[in-house]
Amino acid sequence: ALLDLSSLCEGCFTSDSDAFLFGARTVYRDVFIGDGGYVICYEMEDIEKKLGFGRKSLISFALLLGCDYSNGVHGFGPEAACRLVKSAGDDSILDQILSDGVKATRKCKGKKAGIDKNKGGDICTKTSTSEVGMSQDSGGQFREVINAFLEPKCHLPDSENVRR
């Protein structure tokens, strides 16, 4: 992924979707060689244009929803994470997570109203809301993960000495 980010290769062959978080611009997967062979190609440019999410947004989704390096933030699902990331924007979402923490408001619906004593649930009526997420102080737990994605611990050769 880092080689791809540095334009030292034409993409990554991997089934690991974390490649985009580490900087890959092109990911090839599901390679089938033979009659009718194919390869599926994903481009970061398409994700940015069609979905409006850049690399920092994808890292934020991984932190909020869970990934190989984070268990996620309790109470965040895809919709709440999407709203938060869209509202903050790709340029500032990681800074917001680290400095302000994150909160999502969850509205309980009729079927979930009441107390589920078997699960230790809280009272939640049809009209109530509750905040879930992490506070500003817990932003530090993600700093190491964010740095791992943005500043990998490897050194690339000087691009002038690398043949393509």
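Bear in mind these aren't lab numbers, they're just calculated from the coordinates by the rules spelled out. Nothing here was measured: the structure is a model prediction, and the numbers come from that model. When we count neighbours, we look across all protein chains shown, and the Cβ atoms used for this are built from the backbone with ideal geometry, even at glycine.
A compact table of results
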| read-out | value |
| --- | --- |
| Most to least packed among 33-43, 89-99 [average Cβ atoms within 10 Å] | 89-99, 33-43 |
| Label point distance in nm, Y69-S7, each placed 7 Å from Cα along Cα→Cβ | 2.5 nm |
| Long-range HN-HN contacts of T26 with modeled amide H, under 5 Å | C12, M44 |
| Viscosity 0.890 mPa s, 25 °C: Kirkwood-radius Stokes-Einstein D of the range 53-103 over Cα pairs, µm²/s | 231 µm²/s |
| Added length on full extension, which subtracts the Cα-Cα distance from 0.36 nm per residue, E79 to K49 | 8.8 nm |
| Translational diffusion of the range 1-95, µm² s⁻¹ [Kirkwood Rh, Cα pairs; Stokes-Einstein; 4 °C; 1.567 mPa s] | 90 µm²/s |
